[in-house]
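Shown next, in structure tokens, is the structure this report addresses.
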Amino acid sequence: MTGCHRPRDHMADDALADFESRGYCVVAATDPATLDRIRAALRDLAYELVGAPHGSDDKVGADLDRLHQHVAPGEAATAFRLTLTKAMTERFDVGRDVFTAFEAPLARLVGVDVLAQRVPNVVFQPPGDPRPTELHRDAPANSPYEVVVWVPFVDCSGTKSMYLLDRAASHEVLAFHREHHDDPDGFRRLLDARAALMAVPYGSALLFWPGLFHGSLVNRETETRLSLNTRFKHLFAPLGMKDPFRYFRILHTSPLTRLGLAFEREEG
Amino acid sequence: MKAGRFLGVLLEFSSAVNPEPGVQRAPTAAEQTRALEQLARRRGGVLVATTVTARHGEGLDPSVLDVVAAEEADGVLLLSIDVLRRDRRIDVELFERLWAATGEIGLLIEDEHLVSPPSFEHYMILAMAMNHVRARDATQEWALFVTDSGRL
């Protein structure tokens with residue numbers, strides 16, 4: 001028997017059915033060892049940057065939960081996040097590792113010819129930080145043929161997490177805004193009623209469609225949120241406004257795609 | 001080891017103001033040259049005295065290959081892959097000929113440096129695929145859809 005036929009993954013089937021109907025799903029890592037490796041590397045790097053000692057290998061999550069104790073809020077927190085993002089990108093192939101960690105569901109969504117966002121976004125949200133992410137959606141501007149992968153490196157729930165409006169709710173608030181654009185209070189009430197804070201434990205990722213409205217609140221919990229978000233799309237899927245050469249890089253291509261393009265070069 | 005001699009290729013933007021989303025003004029030729037000189041130094045080489053300029057959306061004239069030969073350049077530093085872009089299409093044929101002539105191509109804005117055949121082949125796949133995608137996405141309706149930022 002060759003390796004070409006795989007048994008159906010019923011858990012992935014259910015998650016992807018949710019993805020299609022609601023626009024999002026929470027999936028467990030199919031390669032948790034890779035996720036653990038990214039998290040440990042991120043913990044080591046973060047503590048190296050703040051110049052503080054970190055705990056032992058079994059304290060990675062706890063170290064990240066209390067990272068805010070070593071970084072002042074405000075501008076210093078922003079500078080830290082940018083430095084951490086740059087260092088992560090230079091030292092590790094984060095996009096490839098995230099795809100590997102969640103490859104089973106991601107490959108079912110985007111296929112095997114895959115573009116990955118060149119620089120994943122690292123989000124550091126210490127308790128009380130007054131600058132959460134405003135309500136927005138990625139598409140249009142980003143292509144609606146992308147998948148957003150939101151990976152928490154700590155257990156996230158309540159205001160330590162992010163909120164999302166599912167497909168129906170996103171459609172509803174958009175329709176309300178178009179019909180009542182002079183009623184910000186009504187819009188806010190509807191948003192508060194429909195937005196759901198996502199519970200995403202470490203070891204899982206939230207996969208969501210870029211047409212969903214989302215954002216975050218001031219983190220009122222006692223622990224830091226450290227998370228990463230990045231995007232994947234099929235190599236030949238329609239583009240949004242982002243310049244593909246600056247925003248994406250090729251992660252995987254199939255032998256068939258490589259043969260087809262080679263044929264075009266040789267005989268075209 | 002001989003220091004690499006790089007030919008710099010600049011881009012004349014079609015508009016000096018807001019040349020693309022999020023960019024307030026286009027970099028001048030002098031600014032582009034300085035940036036490419038710095039890139040050449042980071043790669044352990046120098047920029048040759050002559051630079052070549054491509055007009056935005058019109059692509060690069062194939063005579064750039066004559067300049068590569070005359071300057072004995074052993075690498076080409078492009079401000080952006082857009083110097084090779086004619087309308088929506090990257091001139092992959094000229095891209096391939098530049099590679100064959102030098103074996104080293106740097107892309108400043110895209111932060112790519114192609115120095116090995118696999119790295120070039122990998123980037124070529126992206127360029128060819130994006131040519132297909134852009135040709136297919138070229139309808140006015142799609143452009144309006146993805147640029148409509150007034151949806152909320």
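The values are calculated or read from the model by the stated rules, or taken from the named source; none is laboratory data. This structure is a prediction, so every number in the text was calculated from the model and none was measured. Here the Cβ positions follow ideal geometry from the backbone for every residue, glycine too, while neighbour counts run over all protein chains shown. Just so you know, the surface numbers come from the protein's heavy atoms only, side chains and all, with ligands and any DNA or RNA stripped out. Shrake-Rupley method; radii C 1.70, N 1.55, O 1.52, S 1.80 Å.
Peptide B:129-138 is shielded by partner chain Cβ atoms: per residue, an average of 4 of them sit within 10 Å of its Cβ. With R₀ fixed at 30 Å, the C-beta to C-beta distance from A:Leu174 to B:Val23 puts the FRET efficiency at about 0.55. Accessible surface calculations at 1.4 Å, restricted to protein heavy atoms, place the range B:1-116 at 51 Å² per residue. Would you mind counting up the charge near A:Arg265? Only other residues with Cβ under 15 Å from its Cβ, with Lys and Arg at +1 and Asp and Glu at -1. Net of charged neighbours comes to -4.
Accessible surface area normalised per residue over the range A:13-267 is 44 Å², counting heavy atoms of protein chains with a 1.4 Å rolling probe. Among the residues of the range A:250-268, those with an accessible-area drop of 10 Å² or more from chain alone to full protein complex, heavy atoms and 1.4 Å probe, are A:Ile250, A:Thr253, A:Arg258, A:Leu261, A:Glu264, A:Arg265. Computed from the Cβ-Cβ distance with R0 of 25 Å, the FRET efficiency linking A:Arg118 to B:Arg89 stands at 0.70. Net charge of the neighbourhood of A:Val60, taken over other residues with C-beta under 13 Å away and scored Lys/Arg +1, Asp/Glu -1, is -2. Using a 1.4 Å probe over protein heavy atoms, the accessible area lost on pairing B with A, summed over both chains, comes to approximately 2900 Å². Please give the contour-minus-distance gain from A:Ala76 to A:Asp31: 0.36 nm per residue of separation, less the Cα-Cα distance, rounded to one decimal in nm. Fully extending the segment from A:Ala76 to A:Asp31 adds 12.8 nm. For the set B:Thr139, A:Thr222, solvent exposure ranked by accessible area (probe 1.4 Å, protein chains only) runs largest to smallest as A:Thr222, B:Thr139.
Helical runs (DSSP H, four residues minimum) scored at -39500 (n - 2.57) apiece and divided by the length of chain A put the mean residue ellipticity at 222 nm at -12500 deg cm²/dmol. With 5 Å bins beginning at zero, the pair-distance distribution over Cα atoms of the range B:1-131 amounts to 2, 11, 22, 25, 21, 13, 5, 1, 0 %. With a 10 Å cut-off around each Cβ of B:21-28, the average count of Cβ atoms from other chains is 1. Each label was represented as a point 7 Å from its Cα along the Cα-to-Cβ direction; for A:Asp14 and A:Lys59 these points are 3.7 nm apart.
Ordered by 1.4 Å accessible area with all protein chains kept, B:Asp74, A:Asp182, A:Asp138 run largest first as A:Asp182, B:Asp74, A:Asp138.
Summing charges over neighbours of A:Gly186, with a neighbour being any other residue whose Cβ is under 14 Å away from its Cβ, gives -2 when K and R count +1 and D and E count -1. Here the simple spin-label model places points 7 Å from the Cα toward Cβ, and for B:Arg97 and A:Asp192 these points are separated by 6.6 nm.
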